[in-house]
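What follows is a set of notes on a single structure, which appears directly below.
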C-alpha cells in the first residue's frame, strides 16, 4: 500500500447473525486514478459470482515440511472477493476473504499452522496468490479497473507456483519482509494460551518448511480447523492469550482467533 497516494482507508468490521455464524470484515479504499493500492483485508465473502465490478477467486495453499521421517503436507483453500464502486473521493475497492490456516501434522505429534497473516501483515492472506502466481501483474494503470483486470488474469492462471519467502529488497540493507505465513503451534490444542510462534527453518525435532505452493482452484473454502480447535470463536475475535494485544508485545502475544480462521 502506498500511504502517500492513498486518500483514505475506512475499516468497517461488523458482525451479523445469519443462521449459524457470520462475520464480515470490510476494507474500503478510496483511490484516485493512477494510484495502485495493495488490498490487504480478510473477511467473509457474501457473493461468489463475478461481474464487471467484482472478481472472486479461490486458491489452495499447500505447505510442505521436511521432517526426519519424510515430507509432511497440509493445505487449505482460501476465497478472495474484490469489488469496485464509485464514491465521492473516487474509486472504492472492497475486499473480503474467507478461509483458514493450513495445518500440518508432524511425526512428533505436534501440528504446525500456517496462519492467515505474515509477520508484518495481519491481512496477508489476500496477497498470497498474487505474490506467488502474478508477482508482476499486467495492468499498471493504477486505478480500480486495472486492479480488477489483474485479478481476472490471476484467476485464469492454470499453473501452481511457490510463494517466495522474502519480499523485494528495500535498498536499506535491512532484511526484506517475509511473505510467508506465520508458523504457529500449540503446546496443548485444548488451550489457546499455549500458542507459540516457531521459525519456519526450525519447527522442532529437525523439521523445517520446505516450500509453500499456491494454485488457483474451484474447490470451496475449507472449514476443518474448528474440528481441531473447537474453541475458535467468531468476530469480534479475542486474542488467544487474553493480553489485549496492545503495546510493545511480541507477535505471539498478539495472535487472534482470526489469524487461524475467518468465515
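The values are calculated or read from the model by the stated rules, or taken from the named source; none is laboratory data. Note that the structure is predicted; figures quoted are calculated from it, not measured. In this analysis, Cβ positions are derived from the backbone assuming ideal geometry, glycine residues included, and neighbour counts consider all displayed protein chains.
Scanning the range 141-153 for residues that are assigned to a helix (DSSP H, G or I), touching a helix residue (DSSP H, G or I) at 6+ places or on another chain (Cβ under 9 Å) and touching a residue at least 60 places away in the same chain (Cβ under 8 Å) yields one hit, 151.
Taking residue 231, is it modelled with pLDDT under 95, touching a helix residue (DSSP H, G or I) at 6+ places or on another chain (Cβ under 8 Å) and crowded, with 18+ Cβ neighbours inside 10 Å? Taking the combined requirement at face value, the residue does not satisfy it. The condition of being in contact with a strand residue (DSSP E or B) (Cβ under 9 Å, 6 or more places away or on another chain), surrounded by 16 or more Cβ atoms within 10 Å (Cβ to Cβ) and in a strand (DSSP E or B) holds for only one of 103, 125, 132, that being 103. Here the condition is being buried (at least 21 other Cβ atoms within 10 Å of the Cβ), touching a strand residue (DSSP E or B) at 6+ places or on another chain (Cβ under 8 Å) and modelled with pLDDT of 95 or more; of 184, 161, it holds for 184 alone.
Counting the residues of the range 181-195 that are in a loop (DSSP other than H, G, I, E, B) and more than 22 Å from residue 214 (Cβ to Cβ) gives 5.
The residues listed here are 73, 62; of these, the one that is out of contact with any helix residue (DSSP H, G or I) (no Cβ under 8 Å at 6 or more places or on another chain), in a strand (DSSP E or B) and surrounded by fewer than 17 Cβ atoms within 10 Å (Cβ to Cβ) is 73.
For residue 91, the test of being at pLDDT 90 or above and surrounded by fewer than 24 Cβ atoms within 10 Å (Cβ to Cβ) is failed.
Could you go through the range 154-177 and let me know if any residue there is part of a strand (DSSP E or B), in contact with a helix residue (DSSP H, G or I) (Cβ under 7 Å, 6 or more places away or on another chain) and under 20 Å from residue 250 (Cα atoms). No, because not a single residue in the range 154-177 is part of a strand (DSSP E or B), in contact with a helix residue (DSSP H, G or I) (Cβ under 7 Å, 6 or more places away or on another chain) and under 20 Å from residue 250 (Cα atoms). Every condition in (1) under 19 Å from residue 215 (Cβ atoms); (2) at pLDDT 90 or above is met by residue 166 except one, and the failing one is (1). Exactly one of these conditions fails for residue 82: (1) in contact with a helix residue (DSSP H, G or I) (Cβ under 8 Å, 6 or more places away or on another chain); (2) outside any strand (DSSP E or B). Give me its number. Unmet condition: (2).
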